[in-house]
Every structure is written in structure tokens, then in C-alpha cells.
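Single-structure report; data block below.
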Amino acid sequence: VAVTAIPAVAISIEFCVLIGIFMSFMLAVPRAGRMLLTEFVVSEDGRIHERLPGDEPCLRMLIFGLEGELFFGSSGNLEQHFRYIEDRVDEGTRVVVLRMKRVRNPDAVGLTLLEGFLERMKPRGVHVVLCGVRPQLFSGMKRGGLAANLGEGEIFLEQPVRQTSTLLAIRHAYELIPDPCPECPRKNGSLRDSDLYYAV
């Protein structure tokens, strides 16, 4: 208020309006550009939940959820998150599941960063599975050729029933893992696909 009020009195109303627009832009973009990353794990009883201290992630499959605006203002956060995921991927990782249900307003910059991440995963032999993809995001992915490049079998659209796409994606991810890790409850048959459920 002070930044716009002083120029209005000292200079002119027109200049004050320009300053107000500039200040709104400078304050709004960083706030809207916060992209959050959450890691999830599958417990021994099939519960999919946010990873807590002490939870051991699967050695073959990493599950992450992104939340925020997928536009140019979040590019810095998004790049950091993708680098973090890439650092977590090791020689034993087979699949990365990305939950995109809370990703909003994709633009060309955000989709380009996503495409770059997918391209970097391919040479490492890691499948990337997207779930909870909303129609707006899927439309942008199809227009840019990203959906065709990834393969629509690796994309699970948002479902009318909550959390369904996440369960479908994780079941599909398990199909892509021929050699479960030693601690995996699926290895001895104690965990079936029908046992999986999502806990908020």
C-alpha cells in the first residue's frame, strides 16, 4: 500500500498503477510458484501413505506426489524436485511413480521440464508412471507429444473414485518389476494387488 500510495501523491496516478501491477506480479508469482514434493511408501499391509521417519522405501519403486502450479513460476522448485528424485534413483530402481493429481495449470515451461525429467530417466532404465493426471494436463501432454513419447499405458488419468488412479499405477508398477527387493511383502505372496489401499 505504501509503495503505491507514495508515487500516487508524489508523481502521478498512472505511474502508481504501473508500480502496483509490478509489485503484485513480484509478490504473486513466487507465492503461486511453490511446488511441493511428497514421498509415499507401501507398507507391509498394503497401505499407501506419506513416508514418515523410519519408513524404509522400496528399493525397486519410488513413489512421489507433486502439488502446485506447473507453470514458469514454479520452474525453480520443479527442477530441484526432479534433481532430488534423480539423486534417489540408484541401480536397483526400476520404476518411479509420480502422482500428479494436485498439479494445476500446466504451461509449456512446466511440461518441458517434465519431459526433460522423463528423457533423463530412460537411459537409466527407469520406467516413469504418471497417475492422477487431470484432463487439462493430459491435453497439454498430448498436444506437445509428451503423452505419445511416454506411452499412454504409463499414464493413469484421474478417476471418479478418489485414489483409484494411484492404486492402478502402483499395481502397474509392480508388473514392471521382475525382481522384487528382498524386503518386498509381495515376494512371498503375503501382499496381493487387491490388498492395496490409499491412506490420506
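The values are calculated or read from the model by the stated rules, or taken from the named source; none is laboratory data. These figures come from a predicted structure and were not determined experimentally. Counting neighbours? That spans all protein chains shown, and the Cβs are built from the backbone with ideal geometry, glycine included. Just the protein is used for accessible areas: all its heavy atoms, side chains included, with ligands, DNA and RNA removed. Shrake-Rupley method; radii C 1.70, N 1.55, O 1.52, S 1.80 Å.
Scanning region 110-145 for residues that are assigned to a helix (DSSP H, G or I) and either open to solvent by 60 Å² or more (accessible area, probe 1.4 Å) or of a type in the set (Lys, Arg) (or both) returns 112, 115, 119, 120, 122, 123, 124, 135, 136, 142, 143. Of the residues making up region 66-111, those that are without any contact (Cβ under 8 Å) to a residue 40 or more places away in the chain and small (Gly, Ala, Ser) number 2.
If the condition is being open to solvent by less than 30 Å² (accessible area, probe 1.4 Å), outside any helix (DSSP H, G or I) and hydroxyl-bearing (Ser, Thr, Tyr), then region 38-77 contributes only 43.
Restricting region 78-94 to residues that are open to solvent by less than 40 Å² (accessible area, probe 1.4 Å) and more than 14 Å from the chain's Cα centre (by Cα), which is nearest to residue 121 (Cα to Cα)? Checked region 78-94; the qualifying residue nearest to residue 121 (Cα to Cα) is 89. Taken over region 159-176, the criterion of being part of a loop (DSSP other than H, G, I, E, B) and at pLDDT 90 or above is satisfied by 176 alone. Of all the listed residues (103, 109), the sole one being closer than 25 Å to residue 164 by Cβ and of a type outside the set (Ser, Thr, Tyr) is 103.
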